[in-house]
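Below: the structure, in structure tokens.
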Amino acid sequence: MRILGIDPGTARLGYALVDFDKRSGFQEIIDCGIIKTHKDDSDAARLMEMRNDLESIIERYHPSIVSVEKLFFFKNLKTIIPVAQARGVVLELAASKGITIYEYTPLEMKKIITGNGMAKKDLVSKVVHEAFKLKSKISPDDAIDAIGMALTFIRRDLLRPLAQSSRL
């Protein structure tokens with residue numbers, strides 16, 4: 001199964017493609033990074049660039065799942081609208097391609113990945129690096145958060161049902 005994790009943003013959208021084999025438990029990061037837009041471009045141009053770049057990624061890697069960060073609470077009200085717009089682009093594109101969408105708040109992602117919904121970014125990064133046995137550091141944080149979104153789908157919606165059914 002190939003999962004596309006997304007950390008939405010207009011200036012930088014984090015993405016990660018993760019393969020997961022449910023039978024063996026093998027997981028691997030296929031690609032990750034950011035889609036960066038230019039601050040002097042109009043909102044419409046930035047969203048179009050983001051959509052085009054993301055569509056290219058989807059066409060190249062053919063994910064079956066998109067796991068995207070859900071808006072929950074924002075300290076900075078100036079960023080909520082651009083992030084919501086970026087999420088809209090991601091949701092529309094995934095839906096138009098027939099890709100199943102899962103959404104998690106940052107608190108859910110941190111809780112599922114680290115055991116602490118209030119975990120700091122450095123702990124999330126550490127757990128992601130350990131989970132995938134990474135030797136080199138992945139940055140920026142947007143890419144780590146996108147990997148975290150993919151890992152959240154694996155741990156919450158793929159592995160938890162297996163653990164529950166094995167207890168029956």
- Query: Can you find a residue in the stretch 14-23 that is farther than 19 Å from Ala150 by Cα and open to solvent by 30 Å² or more (accessible area, probe 1.4 Å)?
  - Reply: no
- Consider only pairs whose beta carbons are under 9 Å apart and that are at least six residues apart or on different chains; among these, list those whose first residue lies in the stretch 1-29 and is closer than 15 Å to Ile101 by Cβ and whose second residue is of a type in the set (D, E, K, R) and in a loop (DSSP other than H, G, I, E, B). Met1/Asp21; Met1/Lys22
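In the stretch 80-96, how many residues are open to solvent by 50 Å² or more (accessible area, probe 1.4 Å) and either over 18 Å from Pro63 (Cβ atoms) or touching a strand residue (DSSP E or B) at 6+ places or on another chain (Cβ under 9 Å) (or both)? Don't jump to the end; show me each part of the working.
The initial filter retains those residues of the stretch 80-96 that are open to solvent by 50 Å² or more (accessible area, probe 1.4 Å), namely 80-81, 85, 92, 95-96.
Still in the running and either over 18 Å from Pro63 (Cβ atoms) or touching a strand residue (DSSP E or B) at 6+ places or on another chain (Cβ under 9 Å) (or both): 80-81, 85, 95.
The qualifying residues number 4.
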- Item | Looking only at the stretch 39-72, and only at residues there that are of a type outside the set (D, E, K, R) and modelled with pLDDT under 95, the one that is nearest to Val18 (Cα to Cα) | Leu71
- Restricting the first residue to the stretch 92-118 and requiring it to be over 15 Å from Arg155 (Cα atoms) and modelled with pLDDT of 95 or more, which pairs with a second residue that is assigned to a loop (DSSP other than H, G, I, E, B) and not aliphatic (A, V, I, L, M) meet a Cβ separation below 8 Å and a spacing of at least six or different chains? Ile99/Pro63; Ile99/Ser64; Thr100/Ser64
- Message: Step by step: first the residues of the stretch 30-60, then only those that are more than 12 Å from the chain's Cα centre (by Cα) and under 20 Å from Glu103 (Cβ atoms), then the one that is most open to solvent (accessible area, probe 1.4 Å). Which residue is that?
- Response: Arg51
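The values are calculated or read from the model by the stated rules, or taken from the named source; none is laboratory data. All values reported here derive from a predicted model rather than from experimental measurement. All Cβ positions, glycine included, derive from the backbone under ideal geometry; neighbour counts span all protein chains shown. Calculation scope for accessible area: heavy atoms of the full protein, side chains included, ligands and nucleic acids excluded. Shrake-Rupley method; radii C 1.70, N 1.55, O 1.52, S 1.80 Å.
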